[in-house]
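Below is one structure, written out as structure tokens, with a few remarks after it.
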Amino acid sequence: MTEKFDVLSIPFNVHIQLSRPKPGEDALLVMEDKPIYKNHVGSGHAAALFALAEGSGGEYLLSRVSSLPFEIIPVVRKSEVKYKKPAQGRVVSRGVINDQEWATFMAQLEKKGRAGLTVGVELFDETEANVASFSFDWFIAKK
């Protein structure tokens, strides 16, 4: 589930029409400006933003483990979110993994065949405002 797996092939992500960014754009995934993503006040719906962030966390994790010589099975165990501003229009995501935590994760994965890792995801709307911050705790095991 490392190199060959595409988070955009997950049926739910297909259903909600998440997409890849434009070439050269600094983003993991994109939620285009569509009526289906709006809430009752016309901004990005919290559930739609969560779905974008969760898929983006998986996308970022897979990009970081793509060079492993074995396959993994990642599963989200816990998440935290802070919605900061109403999302206007198109929303993009960016990922963050703490370097020290990454080193600890890799050592434990090699030694025990399973480990936990926190992946951060930041969402930005078309005004470039940081509209939400997410933290996903993943459990990852060698396949």
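The values are calculated or read from the model by the stated rules, or taken from the named source; none is laboratory data. All values reported here derive from a predicted model rather than from experimental measurement. All Cβ positions, glycine included, derive from the backbone under ideal geometry; neighbour counts span all protein chains shown. Ligands, DNA and RNA are excluded from the accessible area calculation, which covers all protein heavy atoms including side chains. Shrake-Rupley method; radii C 1.70, N 1.55, O 1.52, S 1.80 Å.
A few comments on the model shown:
- Number of residues in segment 41-57 that are of a type in the set (Ser, Thr, Tyr) and without any contact (Cβ under 8 Å) to a residue 12 or more places away in the chain: the value is 0.
- Qualifying residue in segment 121-134 (condition: farther than 21 Å from Val41 by Cβ, open to solvent by 60 Å² or more (accessible area, probe 1.4 Å) and among the hydroxyl-bearing types (Ser, Thr, Tyr)): no
- For segment 2-33, filtering for residues that are touching a Lys or Arg at 6+ places or on another chain (Cβ under 9 Å), in a loop (DSSP other than H, G, I, E, B) and either at pLDDT 95 or above or on the phi > 0 side of the Ramachandran plot (or both) leaves 6.
- Take the conditions (1) in a helix (DSSP H, G or I); (2) open to solvent by less than 20 Å² (accessible area, probe 1.4 Å); (3) not aliphatic (A, V, I, L, M); Phe50 misses just one of them, which is (2).
- Just one of (1) within 20 Å of Pro11 (Cβ to Cβ); (2) out of contact with any helix residue (DSSP H, G or I) (no Cβ under 8 Å at 6 or more places or on another chain); (3) not basic (Lys, Arg) fails for Ser66. It is (1).
- Subset of segment 13-40 (residues that are in contact (Cβ under 8 Å) with a residue 12 or more places away in the chain and open to solvent by 70 Å² or more (accessible area, probe 1.4 Å)): Gln17, Arg20, Asp26, Asp33, Ile36
- Test result for Glu110, surrounded by 13 or more Cβ atoms within 10 Å (Cβ to Cβ), out of contact with any His (no Cβ under 7 Å at 6 or more places or on another chain) and not basic (Lys, Arg): no
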